[in-house]
Amino acid sequence: MYKNLAGRAILAWAAACFLTPAFSQPQASKEPLKIGFVYVTPVTDAGWVRQHEEGRKAVDAALGGKVSTTFVENVPEGADAERVIRDLAQQGHRLIFTPSFGYMEPTLKVARDFPGVKFESITGYKTAPNVATANARYYEGRYLAGIAAGRMTKTNMAGYVAGFPIPEVLQGINAFTLGMRSVNPNAKVAVVWLNEWFDPPKERDAAMALFNQNADVIAFHTGSTAVMAAAQERGKLAVAYHSDMRKIAPDAQIVAVTHQWGGYYTERARAVLDGSWKSGNVWGGVKEGMIRVGDFGRKVPKAVQQEVLARQKDIAEGRLQPFRAVAADVRDNEGHVVIARGTQLNDEQILKMNWLAEGVQGRVGR
């Protein structure tokens, strides 16, 4: 009898617990998704990291109390990056974005030790079950910026301050040159390699050296606004990269190639929240809204603005491919055919690019 009473009491207690909301929905499930971001430079007013910071803010705005985001800035690639990524995982971040090419290997290493955490390696190319990669087709924007530069130059010489000689940077230099020469066949592009992503004094010095070589318009693939400031100081023209930089160079900026990460970051955070996140590889461009060209400077004639925007629409709708040879073969700056007339490069060929186009002065990495 006492056993029956005890058993009934236990069953009643269990039933009450089952019907109590606190037990039917664990408290932990109400906690926001912790999302971490690792930045390779300080957060500045414009540039590569600024655009990712804008992406983080877009996640907060879209998802509100469902997420809790944080970031660590100015983290060098290598051992420091691994330490920071690992710390974020240990602190309970379930989604971590690592937007720098040199973060790829540290991200993969940490991911092996934290299979329950999702990682997004931005500009990386190696995936794992809990590591996805994403990048943007920056070269599409570069081609469009080249059209603007080709129309605006008076010396037929452009400068290009480049970080590292990796395919992503080579794609940009070549697309910019092809875009420039599509409207100005006499245009040339001089390149200075820095082997740095973020070194404002070196970026400025490189820009000044290019201006001294008769460049009157300049582009760059580095992380600060130093090149824009140099163009403003010298009374030259410049293509902003990553962000709109008219605040830094109101007279110099002719156009900006901007990166738009908010949509992608929000989509991936939602996927973690609803359990649909999967590893994969995204490479989006103008069509997907990840690259946008605009923010024209006040010196750019309306006709040039309209031409660039029309070509941007052509890219979005598939009528224009920057690495397609239409009327003639495309050659590198050593005379070799790299795109035969009537053909275009496929994604694999673009991702392995290791040449500089005809019209570029310099060599890969030198």
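Starting from the Kirkwood radius over alpha-carbon pairs of the chain, derive D by Stokes-Einstein at 37 °C in a medium of 0.692 mPa s and give it in µm² s⁻¹.
148 µm²/s
Just to verify a number: FRET efficiency for residue 307 and residue 287, C-beta to C-beta distance, R0 = 22 Å, to 0.05?
The calculated FRET efficiency here is 0.70.
Helix-only estimate, please: 222 nm mean residue ellipticity of the chain, summing -39500 (n - 2.57) across DSSP H runs of length 4 or more and dividing by its residues, to the nearest 500.
On the way: 12 runs with 147 residues, N = 366.
About -12500 deg cm²/dmol.
How many percent of the alpha carbon pairs in segment 289-357 exceed a separation of 20 Å? Kindly include the intermediate steps, with their values, before the conclusion.
Working: 1079 of 2346 pairs.
Pairs farther apart than 20 Å: 46 percent.
Amide H of residue 188 versus every other amide H placed in the peptide plane: which residues, excluding those fewer than 5 positions away on the same chain, fall under 5 Å?
Under 5 Å from the amide H of residue 188: 157, 158.
Helix 48-63 sits at what angle to the longest principal axis of the chain, using alpha carbons and giving 0 to 90 degrees rounded to 10?
Tilt of helix 48-63: around 40 degrees.
What is the spin-label model distance, in nm, from residue 186 to residue 340 if the labels are put 7 Å beyond Cα along the C-beta direction?
3.4 nm
Quick one: net charge of residue 301's neighbours, Cβ under 12 Å, K/R +1, D/E -1? If you can, show how the numbers build up before the last one.
Values: positive: 151, 298, 299, 302; negative: 307.
Within the 12 Å Cβ shell, the charges total +3.
So who's got an amide H within less than 5 Å of the one on residue 253, skipping anything under 5 residues away but keeping other chains? H placed 1.01 Å off N, in plane.
Here the answer is 238, since their amide H atoms fall under 5 Å of that of residue 253.
I'd like the Karplus ³J(HN,Hα) series for segment 134-149: coefficients 6.51, -1.76, 1.60, θ = phi - 60°, whole numbers in Hz, and an x wherever there's a Gly or Pro.
8, 7, 10, 7, 4, 4, 5, x, 4, 4, 5, 5, x, 4, 4, 5
Under the rule of at least 5 residues apart or a separate chain, name every residue whose amide H is placed under 5 Å from the amide H of residue 221.
Counting only residues 5 or more places away or on other chains, the set is 161, 162, 163.
Mean-square fluctuation check for the chain, GNM, Cα pairs under 10 Å: which of 61, 230, 269 is largest?
Per the Cα network of the chain with a 10 Å cutoff, 61 tops the list.
Grab the other residues whose beta carbon is less than 10 angstrom from that of residue 105, score K and R as +1, D and E as -1, and report the net. Could the numbers behind the result be given before it?
Working: positive: 109, 126; negative: 77, 82.
Summing Lys/Arg as +1 and Asp/Glu as -1 gives 0.
So, counting K/R as plus one and D/E as minus one, what does the shell of residues with Cβ under 10 Å around residue 68 add up to? Mind dumping the intermediate values first?
Working: positive: 34, 66; negative: 31, 60.
Taking every Cβ under 10 Å from that of residue 68, the sum is 0.
Report relative contact order for the chain in percent, whole number only (criteria: Cα-Cα under 8 Å, sequence separation at least 6).
Details: 758 pairs, mean separation 59.9, N = 366.
For the chain, the relative contact order is 16 percent.
Using the C-alpha atoms of segment 237-313, what convex hull volume per residue, in cubic angstrom, is computed? Display every interim value, and only then the final one.
Working: hull volume 7.7 nm³, N = 77.
For segment 237-313, the hull spanned by Cα atoms encloses 100 Å³ per residue.
Give the residue from 115, 65, 264 lying farthest towards the positive end of the charge dipole for the chain; charges sit on Cβ (+1 for Lys and Arg, -1 for Asp and Glu) and the dipole is referred to the Cα centre.
My answer, from the dipole projection, is 65.
Read-outs throughout are calculated quantities, based only on the coordinates presented, and are distinct from any laboratory measurement. Not measured: the values here are computed from a predicted model. We place every Cβ from the backbone using ideal geometry, glycine too, and count neighbours over all the protein chains shown.
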